[in-house]
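One structure is given below, encoded as C-alpha cells.
The values are calculated or read from the model by the stated rules, or taken from the named source; none is laboratory data. Only a predicted model underlies this, so the values are computations on that prediction, with no experimental measurement involved. Reconstructed Cβ throughout: ideal geometry from the backbone, glycine too, with neighbour counts over all protein chains shown.
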6 protein chains.
Amino acid sequence: MRNRVKELYTAGKVAVGPMIKFAEPGLVEIAGTVGSDLVSLDPYHFAIDHRDMRNMVNTAYSYGMTTTARCRNDPWEIMNLLDMGVQFIHIPTCNSAADLHALVDAVHYPPKGKRVSNRPIRFRDMSDAEYFAWSQTEVIVGVQIETREGLENLKEILAVPELDVVMCGPGDLSLSLGTPTDRYSDQIIELRKRIYFAALDAGKQICNTFRTTSEGLDQAAWWIEHGMRIVRMEPEYQLMRRSYAEMIQAVKQAGDT
Amino acid sequence: MRNRVKELYTAGKVAVGPMIKFAEPGLVEIAGTVGSDLVSLDPYHFAIDHRDMRNMVNTAYSYGMTTTARCRNDPWEIMNLLDMGVQFIHIPTCNSAADLHALVDAVHYPPKGKRVSNRPIRFRDMSDAEYFAWSQTEVIVGVQIETREGLENLKEILAVPELDVVMCGPGDLSLSLGTPTDRYSDQIIELRKRIYFAALDAGKQICNTFRTTSEGLDQAAWWIEHGMRIVRMEPEYQLMRRSYAEMIQAVKQAGDT
Amino acid sequence: MRNRVKELYTAGKVAVGPMIKFAEPGLVEIAGTVGSDLVSLDPYHFAIDHRDMRNMVNTAYSYGMTTTARCRNDPWEIMNLLDMGVQFIHIPTCNSAADLHALVDAVHYPPKGKRVSNRPIRFRDMSDAEYFAWSQTEVIVGVQIETREGLENLKEILAVPELDVVMCGPGDLSLSLGTPTDRYSDQIIELRKRIYFAALDAGKQICNTFRTTSEGLDQAAWWIEHGMRIVRMEPEYQLMRRSYAEMIQAVKQAGDT
Amino acid sequence: MRNRVKELYTAGKVAVGPMIKFAEPGLVEIAGTVGSDLVSLDPYHFAIDHRDMRNMVNTAYSYGMTTTARCRNDPWEIMNLLDMGVQFIHIPTCNSAADLHALVDAVHYPPKGKRVSNRPIRFRDMSDAEYFAWSQTEVIVGVQIETREGLENLKEILAVPELDVVMCGPGDLSLSLGTPTDRYSDQIIELRKRIYFAALDAGKQICNTFRTTSEGLDQAAWWIEHGMRIVRMEPEYQLMRRSYAEMIQAVKQAGDT
Amino acid sequence: MRNRVKELYTAGKVAVGPMIKFAEPGLVEIAGTVGSDLVSLDPYHFAIDHRDMRNMVNTAYSYGMTTTARCRNDPWEIMNLLDMGVQFIHIPTCNSAADLHALVDAVHYPPKGKRVSNRPIRFRDMSDAEYFAWSQTEVIVGVQIETREGLENLKEILAVPELDVVMCGPGDLSLSLGTPTDRYSDQIIELRKRIYFAALDAGKQICNTFRTTSEGLDQAAWWIEHGMRIVRMEPEYQLMRRSYAEMIQAVKQAGDT
Amino acid sequence: MRNRVKELYTAGKVAVGPMIKFAEPGLVEIAGTVGSDLVSLDPYHFAIDHRDMRNMVNTAYSYGMTTTARCRNDPWEIMNLLDMGVQFIHIPTCNSAADLHALVDAVHYPPKGKRVSNRPIRFRDMSDAEYFAWSQTEVIVGVQIETREGLENLKEILAVPELDVVMCGPGDLSLSLGTPTDRYSDQIIELRKRIYFAALDAGKQICNTFRTTSEGLDQAAWWIEHGMRIVRMEPEYQLMRRSYAEMIQAVKQAGDT
C-alpha cells in the first residue's frame, strides 16, 4: 500500500483534497466520493476524540485516501495517530530544527527516531521488518512555518533531511509579527512566498489551502505552476459559511421586495 | 418563546435555513452563525442517535433557530423529538388524511391529539396549562406529498385544519409515478407546482429546498414571489460535493498542463 | 462495485467471515485483516446505535468486505441499513411468505418493492438509474427459518423468487418446538438439514455458522461439499469465552499444584 | 456578547450557578432552567471527552450562561476550551506567579500572551481585531490557591494584573499542609479566609462553593456581605448523594417499623 | 443471582431507589453509593441510546442494584432491555388486558410468552434450562394505569397472573380525564388510591414516586404502612431543579441587600 | 474492598485475566463471565476516550475484577485513571528510578507521593482517612523494563520500595537493542528471564502475557512454577486474528476441492 499523496507528488502530479474540521466521518465520505487524494484532519485546532479519529481514518481508507493530521508536537499523540493509520503528520508553529527533530523522533522508529513498537490493525499482516520499512518510506513529515522564530530558523529547518513538506499559516504569522488583524497583507503574502520558494529550493514539497472559488482556483493554479503538488481545499465550515451566508442574504432580500 | 419560523411566515416574512444531514452539532452552529432562522434535520433518512439529536437541538436553541425534523409517522418518535425541543415536525410520504391525523395525534395533546404528558427540560418552568397552550400554538405540523396516492388524496389532506406546511420531494414522486430515473422532468415539476399552489389556496404554508447557486436563488425568488415563506437551502453534503468536485477537477486539470 | 459475497457464491466459490456482535469497528478490522469476505453484524440481537453501525459498515468497506445485517422486519430499519451501505439483509423468524414479501418490499425499489428514494453517500456518483439497477442486482435478501410456522410454510417461502439465502437458528427452533433446553438434539439437527436441502433444491443459497475448531471445520467442510457457499464463523464473544475459559482453568490448575 | 459573570461582578452583583461534574448536557440544562448565571465544569477532576465538552458549552450558551472550566495548566488544553467557547478558565494548585504567567500566556493572544490564532465557531462573524479585543476584555482568568507553596507565594500571585478571580480548595490545602483527614478544621478555615481577604484587598474577585442547605446559604450570605460576587453551588453528585441518602435511610426505617 | 427488588418485597421489606432520567452512568453510581436497591431508568420518556443503556445497566450491576426500565410496549425493545440485563420492565398507559398480554409475551419465553432466544452476556454461563427458569422467576412485569380506559379495564388487567407491579402516573391520568392542568387535584389523588388499593387487593405489588422532602417522606411512610414495598425517589432533574432554584433565589436576595 | 489481584498474589495464588485492547465494555464482560481476576486495559497503545474508559472500569467492577491500565507516565492521566477506579497502574519503558519515582508521585497521596485530592464515586462513602489508607495499601504500581537504559538501571529501579510488579515487553526491547525484527530471539528471551528473576529476587511480583494455546499454557505453567503470580492472556485481537485466520484458510481450502 502506497501513500497516495507521496506517490502523486513523487511522480510530479498534484494531490488534492479538503480540510475537514468537524469530527464526523460522513464529511470524510464526501471528500472520498468526489475523488480526493487526501483528507486533512485537524486534531490540533478542533480537538477530536480517539474513537471519532479512528472512525474518520478508517473511512478515509475505505476511499483510498491518505489521511493527514495536524497535531501537537507530542510523541504520544503522534504515535497514536500513526497507530490509527494516519500517513502524514504535520505540526503547527515549528520554530526551530529542534522542534522538527522532536517530530521526526516521534514519527520514525529507531534508529531514525524513537517511536515505540506498535502499528495499525490494518498493517498487522506485515512482519516487523516490512512494517518498519513501509513506515520509514511512506509516512510524510510536515511543518508549518508561521512565527518570527520559524522564519529566522528557516534555513536550519529546511536542512533536516527527514522533512518532507512545508506549510505556512497566515493567521499565526501575522499574530507573531505583531500585525494580528491583517493576515492577508502584502507583507504576509510576501513572507509566505519566501517560505514556500525556499522550501522548494531545498527540495521539499509544499502545501497550501485554497478556497473553492474562481479566485482560489487561480491561486492554486499559480502555485501548481510554481511547483506545489499538495493542494488543500478550504474546510467544510468556511465553504458552508460563505455559501449559506450569500444565499440567506439574497433570499431575505427577495422576501423584502 | 416564539417559534421563529411561524412568527416569520405569519408576519409574511421569509424564514430560511439549511438542511443538515450529518449528526454533527458543529454543522448546526454553521447554520446559526450565518443568521439562519431554522435548521432542518432529517432523522428519517439519516438516522440520528438520541444523544446526537438532543445536542443538535440544544445547539440550535443557542442560536435562536427553530429546529425542524423529518421523521417516521410514529407517535413515540414524534413525542421524543418534541420532548427534545423540536418545534416543527414533518413526515415523508403522506398518503391520506388518515396519515395526517395520526401525525396530529402524535404532535398535539388532548383534546386535539393524543401526545402523552412530558416536555423539554427547557420548558419545565412553565405550568402545565402554559406549556400545553404554547405547544398547541407554536408547534408546526408538516407533510410531504410525494406519491401517487398522496396526489389523489391531496384535497382531503389539505382540508385538515391542523396541517400547517406542505412540502414535496421529487425523488419519491418520480419513483411512485413509475419514472424513477427522471426526478427533474417537466411532469414532476408541474405536479409539484400543482401541489404547492393547491396548498397555498387552502391557506397552508409551503416549503421547498433550493441549491445555493444563482439558479437556485432564482427559483427561490420565484417561489417567494408566489407565496412561499419557508426556504430550505440544500444540505451540507450536496453543497460540499458540488463545490469540492468542481475544484478538484479544475486543480487536476491545472496539474496536468 | 460488486457484492463480494454474491460474486463468490455465484461463481461457485465459498464466502467466509465472522459474526461480530459488539458495536466496535476494531472488531470489523480484525475480520478484514484476516481476509474475510464478509462481516456479519447483528443489530437485531445486539442493538447497535446508528453512529456505530455506520462506522462499522464503512470500516468493512475499507477492507472490501460485504456487510451483512440481521434486523427486524421493519421498512425503516432496513432502509437505513441499506442507506448505510449494508449489502445483505436477513430477518430472523421468517414465518410465512407474507413475512418475506414485507422484507422484499423494504429492500427493493419500485416496482419490485417499496423502498423510498435515498442511498449511501458512497453511491452518490451513480445516476438514479445506475443505482437502482445496482441495488436490484447486488443486494442479497435472506431469511432465517426457525419456527414451527416457518417450517410449515417453508415451501411457499422458498417459492418467492426474490429470496436469495436461507439460514436457520437452532435456539429459536427448539424454543418454538417446545424443547427449549436441547438446541443440539438430533431432531433439531435433522430439521435444519431438511430446511437447508430444501433451500438448495429450490435454487437458493444457504448459510450456517461454525465454530473455529476442528469440529467446526469438519462440519463446514461437510456443508461446503453439499452446496453451502456462505460460511459464517462464530462470533467474537463465543470464541473469546471458550478460549479464555479453557486457559483460565488450566492456569489456575497450574497455580494450585 | 458580554461575559455574564464578569458583567455581574463588575456591576457589584452576584453571579451564581452550580458545579456540574458529569459529562451530561442535560445537567447543564438544569442549571439553565433555574436561572443560573454560570455553570462550572471540571475537565480537570472529571475528565470529559471533547465532543461532550463542546455539547455542554453549547448547551450553556442556549441558556445565556457563562461556562467556567477548571483544567490543567496546559496551553493546548486551555486553547481548546477557549476555542469551544468557555469564558472563564481556572487552574488548580497555583503555586507561584510562574504558574499564573503560564496560564495567562495560554489564555491571552499576543502581545499579552501566546494563544495561537483560532476561535469558537460562534465568534466567526467578528473580524480578527474585534475577536482579539473581545477575548482580552471578557475572558476571566482564575486560580486556586491550595498548597503551602501557593500560600507562601500568595503576594506575588496576587500582584499579577491579568489575574481576575481567586478560589481555594480545602481538600488539597489540608493534604499539602500534612493534615489530610481534616479539611474542615479551624486552621483550614482560617487559611482560606486569609487567602480570600488578601485577594479582595488586591482588587481581585473571589469564588467559593456552597451547599444548597440553610447552612450553606448562611455561609454564602456571609461571604457576599464581605465582597464575594461569584457563588458556586455544590455539584450534582454531592446534592444527590446527600438527598437520596437521607431519604433512603428514612424510608428503610419506615419499612422496618 | 436474585432480583434484589423482588427478593425484598417478597420478604415484606421495602425496596427503594431513585429515578434517573439522563443517560449518564455516573448518576447510576450515585444511586449505588447511597445504598439504593434499584435504579429506575426511563427509555420511554428520555430516549436513551443502546450503548448508554448498556453502560448504565452494567454500572447498576456493579452496585448490586436492580435496573428497572419503562419502555414502549414493543417486543423488540423489551427483548433488548432484557438482553442487556434489565430485570423489571414496565409500560406506560396500559389500557387493557390485551396491552398487558402483549407485554407478557415480550417478557417471557415460551410457553408463557414469545421472547426469542438470547440473554445478557452476564448470564452466558447458565444452561438454557437454568436461564429460562431464572428469567421466569425473577423478571418483574409492571404496568402504569393512567388513562380512563385503563381505569375502566382495571379489573381485567389485575386478573392477569403474570402481572407483578402496578404504578400510576398523575400527569397522563389528568390529561386523559380532560383536566390537564390539575395533576394533583383531589380527584386524581383519589383515583390513584383506588388503583393502588385494588392492586394490593389483587395480590400485586405497587410502586410510587416520592420527593426527597419531609412531605415526600410522610407520603412514602403512609404508603409503606398501607402495603407499598417499592419506593421510587424523584428523578435527579426534579431534585436538582428544586434545590438549585431555592438556593439561587436566596443567594440573589442576599446579593441585593 | 480488596484489590483482587494483590489479595491473590499476596496469598501465593495466581491471578489471571486477558488484555483487552478495544474500547468496548462488552469485551470486559467476556473477561468477567469466564472468571478472570483482572482485565488489563491499554490506554497507552490503544487510546481510549474518557467515557469509554469509565464504562469499562465500572463493568469490570460489576464482575469483581481488578482493572489494570498501562498509561503514559503523566500525573494527570494517572490521577484520572485512579479516580475512575483503576487499581493497578503500570507504565511502559521505565528507564530509571527517576521514571519510577514520578510514577509513585502520581499514584500515591502525600506524604508518599503527590496525588491530589479526589477519588472514584464508588469510594465516596469512605472518610478521607479511610480512603487514603485504602489507596496506599491496595493500589498496585508496575513498570515495564524494555529498553537498554532500563536494563542498565534495573538494580536501582528494583530498589524502590513502592514498586510492586515488573513486566517486560519484547517488541520495544528488541527495538531498543537495535534488533527490531527479532523480538523472539534467544537474546531477548534470555534478557527477559534475567529481568524477571531479578525482580523476583528483589521481592517484586512479575507479570507476563501468554497465548491461549497449549504452547502458551506450557510457558505460563513454567513461569508459575518459578514464582509468577500475575498471568495475562493475549489480547482479543491476537486471539481473534489467529483463530479466524486459520479457519478461513481451511474453509477456503475446503471450498477449492
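Structure notes:
- Filter result (assigned to a helix (DSSP H, G or I) and of a type in the set (Lys, Arg)) within segment C:121-137: C:122
- Hits in segment A:5-29 - residues which are charged (D, E, K, R) and more than 28 Å from residue D:50 (Cβ to Cβ): A:6, A:7, A:13
- Residue check, residue F:5 touching a Ser or Thr at 6+ places or on another chain (Cβ under 7 Å), buried (at least 21 other Cβ atoms within 10 Å of the Cβ) and without any contact (Cβ under 8 Å) to a residue 60 or more places away in the chain: no
- Among the residues of segment A:59-105, the ones that are touching a residue at least 60 places away in the same chain (Cβ under 8 Å) and either within 22 Å of residue A:4 (Cβ to Cβ) or not hydrophobic (A, V, I, L, M, F, W, C) (or both) come to 12 in all.
- Which listed residue, of E:102, E:69, E:133, is more than 8 Å from every other protein chain (Cβ to nearest Cβ) and within 22 Å of residue E:19 (Cα to Cα): E:69
- Reported count of residues in segment A:24-42, each being surrounded by 23 or more Cβ atoms within 10 Å (Cβ to Cβ) and closer than 19 Å to residue A:91 by Cα, is 4.
- Count of residues meeting criterion [surrounded by 21 or more Cβ atoms within 10 Å (Cβ to Cβ) and among the small types (Gly, Ala, Ser)] in segment F:184-206: 1
- Hey, residue C:54 charged (D, E, K, R) and in contact (Cβ under 8 Å) with a residue 40 or more places away in the chain or not: no
- Filter result for residue A:107 (crowded, with 19+ Cβ neighbours inside 10 Å and farther than 25 Å from residue A:205 by Cβ): no
- Selection within segment C:53-62 - surrounded by 23 or more Cβ atoms within 10 Å (Cβ to Cβ) and of a type outside the set (A, V, I, L, M, F, W, C): C:54, C:55, C:58, C:59, C:61
- Within segment B:120-130, the set of residues being at pLDDT 95 or above and either under 18 Å from residue B:164 (Cβ atoms) or not β-branched (Val, Ile, Thr) (or both) comprises B:120, B:122, B:123.
- Wholly within segment C:138-257, helices (runs of 4 or more DSSP H) carrying at least 2 residues that are at the interface with chain F (Cβ under 9 Å from one of its Cβ atoms): C:214-225, C:236-256
- Here residue F:210 does not qualify as touching a residue at least 24 places away in the same chain (Cβ under 8 Å), loosely packed, with under 14 Cβ neighbours inside 10 Å and at negative phi.
- Filter result for residue E:1 (modelled with pLDDT under 95 and more than 17 Å from residue D:27 (Cβ to Cβ)): yes
- Sole exception among (1) among the hydrophobic types (A, V, I, L, M, F, W, C); (2) under 21 Å from residue A:114 (Cα atoms); (3) under 14 Å from the mean Cα position of the chain (by Cα) for residue A:159, by number: (3)
- Only one entry of C:3, C:55 meets the criterion of being under 16 Å from residue C:120 (Cα atoms), out of contact with any Lys or Arg (no Cβ under 7 Å at 6 or more places or on another chain) and within 7 Å of another protein chain (Cβ to nearest Cβ), and that entry is C:55.
- Restricting D:74, D:49 to those that are out of contact with any Asp or Glu (no Cβ under 8 Å at 6 or more places or on another chain), of a type in the set (Asp, Glu) and either surrounded by fewer than 23 Cβ atoms within 10 Å (Cβ to Cβ) or under 21 Å from residue D:207 (Cα atoms) (or both) reduces the list to D:74.
- Among the residues making up segment D:6-46, those that are aromatic (Phe, Trp, Tyr) and more than 7 Å from chain E (Cβ to nearest Cβ) are D:9, D:44, D:46.
- For segment E:40-57, the set of residues classified as more than 18 Å from residue E:144 (Cβ to Cβ) and in contact with a Gly (Cβ under 7 Å, 6 or more places away or on another chain) consists of E:57 only.
- Scope segment D:162-183; condition surrounded by fewer than 21 Cβ atoms within 10 Å (Cβ to Cβ), closer than 29 Å to residue F:136 by Cβ and within 21 Å of the chain's Cα centre (by Cα); matching residues: D:170, D:171, D:183
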